[in-house]
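Engineer: Take a look at the following structure, please.
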Amino acid sequence: MTTSIRATALEPDPSFDTAHTLGLLARIGRQMPVYGLPVLTIGLIVLFSILLPQSFPTLFNLRSILSDKSVIALLALAATIPMMTGKIDLTVGYGIVLWHILAISLQTQFGLSWPAAVAVVLLCGALFGVINGVLVEQAQIDSFIATLGTGTVLYAIAMWHSGGRQVIGSLPDGFVNIAGADLFGLPVTAFYVMALAVVLWLVSEHTPIGRAFYVIGSNPKAAVLNGIPLQKCVMGAFVASGTLSAFAGVVLASRLQIGQAGVGLEFLLPALVGAFLGSTTIRPGRVNVWGTLVGVAILAVGISGIQQFGGAFFVEPLFNGITLLVSIGIAGYAQRKRGQSIKRRIAEQQIASHPAGAPKAPAES
């Protein structure tokens, strides 16, 4: 099962690198796959600010968007990591149900201090990352099926642990401030997202590990032939994803200050949409950190604007689903067009090198 579109699917074909001969509109058109989504995001912000001047371009709305979407952004970044290796991790959505309940119950029912509770939750997230990695690389189970299975188990554990009831209790200020504090007038959770994005960007784009992830995602056989430890890299990606999704669960627990099994699953689709949508921009055709954040941003802006227009309760999942289908459709279409253009270019070069009537070189034995 293909879980990621091929790398470089939307990147301009270098064999047609004639930018110096193109007009202004043609050159802008070549850059649209790279910067089109950020431009569209800015356009939506301007549009909603004009149409909703009293409510949209306000600090309150900005704080609301940053606070509400930070957990989704963290989960989207978590989903991005295994996607770099061509795998998908559905436990980012299922796991947060258990992690946020566990973060509260460890303090209110088992008497752990909040730093110890956070450490245990992060450790559990990393452990489930190891399990996912073993299932995918050792047992050779497709990542979609493996993480769907482990995710469902996590959800069942959350139901069993909470008994289907709300987990409540007095929480220390230090834990509440994980998501409740402000920094420079903005929710501190937005700075968590930015700091983690910078770290992931540095690792993925500027270290051998990051390049190994992309090579594995593009061509696993070539990665093995080049000496890249495929199994260790994939397992490392799942461990990082599990740990980051556990941290998202801690942030959610701190924000809600209550644990319940009915909360969390609604984050799965937006997180995956953000990661897939991000693969169509900045580094088109390849999941990337900044693209993921742009994907989450355009979802947040679009949904916020529609809701302020009085959109019904079903608008958000409808918007997320349609956006996912459109983004994957665009990427797939561009990937096919790119393949066709390369084949046509190769055919033209073969015709040029072997004109009609010219003797062909003998085939190698």
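The values are calculated or read from the model by the stated rules, or taken from the named source; none is laboratory data. Owing to the predicted nature of the structure, the values given are computational and were not obtained by experimental measurement. With ligands, DNA and RNA removed, areas are computed over all heavy atoms of the protein, side chains included. Shrake-Rupley method; radii C 1.70, N 1.55, O 1.52, S 1.80 Å.
Engineer: Taking each pair of distinct Cα atoms in the range 183-322 once, what is the resulting Kirkwood hydrodynamic radius in Å? It would help to have the intermediate numbers written out before the result.
Structural biologist: Numbers: mean 1/r = 0.0583 Å⁻¹.
In the range 183-322 this quantity evaluates to 17.2 Å.
Engineer: Tabulate in residue order the Karplus-calculated ³J(HN,Hα) for the range 115-121, using 6.51 cos²θ - 1.76 cosθ + 1.60 with θ = phi - 60°, rounded to whole Hz; enter x for Gly and Pro.
Structural biologist: So the Karplus estimates, Gly and Pro as x, are x, 5, 5, 4, 4, 5, 5 Hz.
Engineer: Would you list Ser67, Ser245 from the most to the least accessible area, probe 1.4 Å?
Structural biologist: Working: Ser67 35, Ser245 5 Å².
Listed by decreasing accessible area, they come as Ser67, Ser245.
Engineer: Stick to the Cα atoms of the range 80-233, pair each with every other, and give me the Kirkwood hydrodynamic radius in Å at one decimal.
Structural biologist: On the way: mean 1/r = 0.0566 Å⁻¹.
Result for the range 80-233, one decimal place: 17.7 Å.
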